[in-house]
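Step one of this worksheet: look at the structure below.
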Amino acid sequence: MHINYLKWDGFKSGLQELINQIRQCMKMNNGGICIIKDVPINDDNVALLSIANAFNGTLLRDTRMPARAMEANCVIYRVEEDLLNTDEYAYSATNQHFPLHTDCAHFLYPPQLMMLLCCRPSSLNPEHGKTILTHVNDIVEKLTDEDRTNLTQLQFPWWQSRSIVRAPILSQDQQTNRWFVRFNQATLEREMNNDEFRNTSALQSFIKLLQSIETDPNNTITLTTGDLLIVHNQRILHGRTAFPSGSSRLLKRIRIRVPDL
């Protein structure tokens, strides 16, 4: 797993140069993960929003989550334990283990970038609530040819409400040969019937592979205060280990649609 570490140097050193370095990382075949150190965590979110807006993309508003969890006109979501949460699928609002996934798998066009600013790691034990990361390339190379083919051809149901979203878990750009992924196990458990979910062999193989990846300590990192994690949401799966309830762990998330990535 390759992580590109960068440093926030304030606005004086040129924000655009930082963005250019992130863009370059996101376009590399084995890239897609950046961590910017020492990003300010001020309540006004000036640094976080400045970085997000500098991509010249579309910042997605999250209107599904409760207003108490949102900042900056619903662009920033507070990823923290919410004792008032009643949504069984909202792992981000709990202290539970959050399996590897990509954000907005149920969107017709999922965002390319996902940003997480660590404001407070777990106060009870910083080793809890670790971030889990894996690159789609590392998954593809571990799949059998049959499973890889099925995961690129089967149209999985991601959303079946007013609009229908069906898409494969894996896809490959024929010009660049880059692999892309969309996946959220909880979404498929909700949208597929039990038999279909359990009996789709390629899907179950994919889930078991992710579970094995999650147990490898080489795929986990500990974010500290001021760390801004930026991942290519269509090439990197992310998750989180569990952490003690009441630990005050807080990350702030922004999702950005940047089509040229």
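How big is the dipole moment of region 157-204 about its Cα centre under a simple scheme where the beta carbon of each Lys and Arg is +1, that of each Asp and Glu is -1, and everything else is neutral? Debye, nearest 20, please.
Using Cβ point charges on Lys, Arg, Asp and Glu, region 157-204 gives about 160 debye.
If you place +1 on the Cβ of every Lys and Arg, -1 on the Cβ of every Asp and Glu, and leave all else neutral, what size is the dipole of the chain about its Cα centre, to the nearest 20 Debye?
Taking the Cα centre of the chain as origin, the dipole is about 460 debye.
Given H placed on each backbone N at 1.01 Å, which residues far from residue 4 in sequence or on other chains put an amide H within less than 5 Å of it?
Residues meeting the amide H criterion: 33, 34, 35.
Using a Gaussian network model on the chain with a 10 Å cutoff between Cα atoms, which of 17, 80, 127 fluctuates the most?
Per the Cα network of the chain with a 10 Å cutoff, 17 tops the list.
Counting heavy atoms of the protein chains only and a 1.4 Å probe, report the per residue accessible area for region 215-261 as a whole number of Å².
So region 215-261 comes to 31 Å² accessible per residue, rounded to a whole number.
Please give the net charge around residue 96, taking every other residue with its beta carbon less than 14 angstrom from that of residue 96, where Lys and Arg add +1 and Asp and Glu add -1.
Neighbour charge sum, excluding residue 96 itself: -3.
Might you work out the accessible area of residue 123 for me, using a 1.4 Å probe with all protein chains in place, and round it to the nearest 10 Å²?
Per-residue accessible area (residue 123): approximately 80 Å².
Search the structure for amide H atoms under 5 Å from the amide H of residue 166, placed 1.01 Å from N in the peptide plane, and list their residues when 5 or more places away or on another chain.
158
For region 184-261 and region 89-127, write down the distance between their C-alpha centroids in whole Å.
7 Å
DSSP loop (so not H, G, I, E, B), at most 16 other Cβ within 10 Å: list which trypsin sites (Lys or Arg not before Pro) in region 54-84 pass both filters.
Answer in residue order: 61, 64.
If you take the charge dipole of the chain about its Cα centre, with +1 on Lys and Arg Cβ and -1 on Asp and Glu Cβ, which of 101, 175, 56 is farthest toward its positive end?
56
Mind putting a number on the dipole of region 55-202 about its Cα centre? Charges go on the C-beta only, +1 for Lys and Arg and -1 for Asp and Glu, and I need it in Debye to the nearest 20.
For this selection, approximately 400 debye.
Loop only by DSSP, 14 or fewer other Cβ within 10 Å of the Cβ. Give me the chymotrypsin sites (Phe, Trp or Tyr not before Pro) in region 1-85 that pass, ordered by residue number.
Loop-located and lightly packed - 11.
Heavy atoms only, probe 1.4 Å: what % of the accessible area of the chain goes to carbon and sulfur, would you let me know?
47 percent
Working out 0.36 nm times the residue gap between residue 258 and residue 222, then minus their Cα-Cα distance, what length gain in nm do you get to one decimal?
Gain on extension, residue 258 to residue 222, equals 10.3 nm.
Helix-only mean residue ellipticity at 222 nm, the chain, DSSP H runs n ≥ 4 weighted -39,500 (n - 2.57), per residue, nearest 500. What is it?
For the chain, the value works out to -6500 deg cm²/dmol.
³J(HN,Hα) across region 206-217 via Karplus (A = 6.51, B = -1.76, C = 1.60, θ = phi - 60°), whole Hz, x for Gly/Pro?
Rounded to whole hertz, the list is 5, 5, 5, 5, 4, 5, 5, 5, 5, 7, 7, x.
Considering the options 118, 161, 259, tell which one lies farthest towards the positive end of the dipole of region 115-261, charges being +1 on Lys and Arg and -1 on Asp and Glu at the Cβ, about the Cα centre.
So the residue we want is 118.
Looking only at 147, 173, 62, which one moves most when the chain is put into a Gaussian network model with springs between Cα atoms under 10 Å?
Sorting by GNM fluctuation, first place goes to 173.
Taking a virtual spin label 7 Å from the Cα of residue 44 along the C-beta vector, which residues in region 207-230 bring their backbone nitrogen under 19 Å of it?
Correct set: 226.
Please list, ordered by chain and number, the residues whose modelled amide H lies under 5 Å from the amide H of residue 76; skip anything fewer than 5 residues away on the same chain.
It is 71, by chain and number.
Pairs of lysine in the chain with Cα under 17 Å and at least 8 positions apart or on different chains: total?
6
The values are calculated or read from the model by the stated rules, or taken from the named source; none is laboratory data. The structure displayed is predicted, hence computed values, not measured ones. Cβ: placed from backbone, ideal geometry, glycine included. Neighbour counts: every protein chain shown. Only protein heavy atoms, including side chains, enter the accessible area calculation; ligands, DNA and RNA are left aside. Shrake-Rupley method; radii C 1.70, N 1.55, O 1.52, S 1.80 Å.
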